[in-house]
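Undergrad: Once you've had a glance at the structure underneath, I'll fire off some questions.
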Amino acid sequence: MAEYLYGGMFILACVMIYFAYSFYTGTKALIDQGLRTKGTVVDLLQSSSEDGYTYKPVFEYQNYSGDRVTFESAISSNPAPYSIGEKVHIIYSKDGEEQRVETFWGLCLWTIILLSVAAPLLIIGGGYLIYSRS
């Protein structure tokens, strides 16, 4: 029974590492091929959570065609990470499908989260499988 549990942990870790790598390569491609501009925080969307309220910034920027584009951050926090009117660096894809704030967490959040969860699962599951066979 324990082999199934630890084997499942190992497989889950491998799947999470695969998705972390996918996020990493997508981010790397966006950095290499994306267009950079400055944007402005135009709104802070307030949402209620168990501990009170969190704030999700809404950014606006002008793309290379001259169109104004607005998008919401994927991250919501308390206190608000930005204030309305604050200028930020934005990187977006040429087709306009993907845009992110050019910060460490704005670019690497999901890669870091997935690897942080996958590492202990890989060590525990893989370690058990290796030592149970000896």
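Undergrad: If I ask for residues that are among the hydroxyl-bearing types (Ser, Thr, Tyr), buried (at least 18 other Cβ atoms within 10 Å of the Cβ) and not in a strand (DSSP E or B), which ones from the stretch 88-131 would you list?
TA: Within the stretch 88-131, the first condition is being among the hydroxyl-bearing types (Ser, Thr, Tyr), and the residues that meet it are 92-93, 103, 111, 116, 128, 131.
This time we only want the ones that are buried (at least 18 other Cβ atoms within 10 Å of the Cβ), so: 92, 111.
Across the stretch 88-131, the qualifying residue is only Thr111.
Undergrad: Sort out which residues of the stretch 47-98 are closer than 20 Å to Arg36 by Cα and of a type in the set (D, E, K, R), and write them in order of number.
TA: Residues satisfying the conditions are Glu60, Asp67, Arg68, Glu72, Glu86, Lys87, Lys94, Asp95, Glu97, Glu98.
Undergrad: What is the one condition in (1) under 19 Å from the mean Cα position of the chain (by Cα); (2) over 30 Å from Ala118 (Cα atoms) that Ser65 does not satisfy?
TA: Ser65 satisfies every listed condition except (1).
Undergrad: Can you name every residue in the stretch 110-134 that is of a type in the set (Phe, Trp, Tyr) and either within 13 Å of Tyr21 (Cβ to Cβ) or at pLDDT 95 or above (or both)? Spell out how you get there, then give the answer.
TA: Going through the stretch 110-134, the residues of a type in the set (Phe, Trp, Tyr) turn out to be 110, 128, 131.
Trp110 - this is the single residue of the stretch 110-134 that is of a type in the set (Phe, Trp, Tyr) and either within 13 Å of Tyr21 (Cβ to Cβ) or at pLDDT 95 or above (or both).
Undergrad: What single numbered condition from (1) within 30 Å of Asn78 (Cα to Cα); (2) touching a Lys or Arg at 6+ places or on another chain (Cβ under 9 Å); (3) of a type outside the set (A, V, I, L, M, F, W, C) fails to hold for Glu50?
TA: (2)
Undergrad: Are any of the residues in the stretch 55-65 hydroxyl-bearing (Ser, Thr, Tyr), surrounded by fewer than 15 Cβ atoms within 10 Å (Cβ to Cβ) and either in contact with a strand residue (DSSP E or B) (Cβ under 6 Å, 6 or more places away or on another chain) or not assigned by TED's automatic domain parsing to the domain that holds Leu109 (or both)? It would help to see each step written out before you state the result.
TA: First, the residues of the stretch 55-65 that are hydroxyl-bearing (Ser, Thr, Tyr): 55, 61, 64-65.
Pick out the ones that are also surrounded by fewer than 15 Cβ atoms within 10 Å (Cβ to Cβ) and you get 64-65.
The next check asks that each one be either in contact with a strand residue (DSSP E or B) (Cβ under 6 Å, 6 or more places away or on another chain) or not assigned by TED's automatic domain parsing to the domain that holds Leu109 (or both); those that pass are 64-65.
Scanning the stretch 55-65, I find at least one residue that is hydroxyl-bearing (Ser, Thr, Tyr), surrounded by fewer than 15 Cβ atoms within 10 Å (Cβ to Cβ) and either in contact with a strand residue (DSSP E or B) (Cβ under 6 Å, 6 or more places away or on another chain) or not assigned by TED's automatic domain parsing to the domain that holds Leu109 (or both), so the answer is yes.
The values are calculated or read from the model by the stated rules, or taken from the named source; none is laboratory data. Only a predicted model underlies this, so the values are computations on that prediction, with no experimental measurement involved. Quick reminder, even Gly has a Cβ in these numbers, built from the backbone with ideal geometry, and neighbours come from all protein chains shown.
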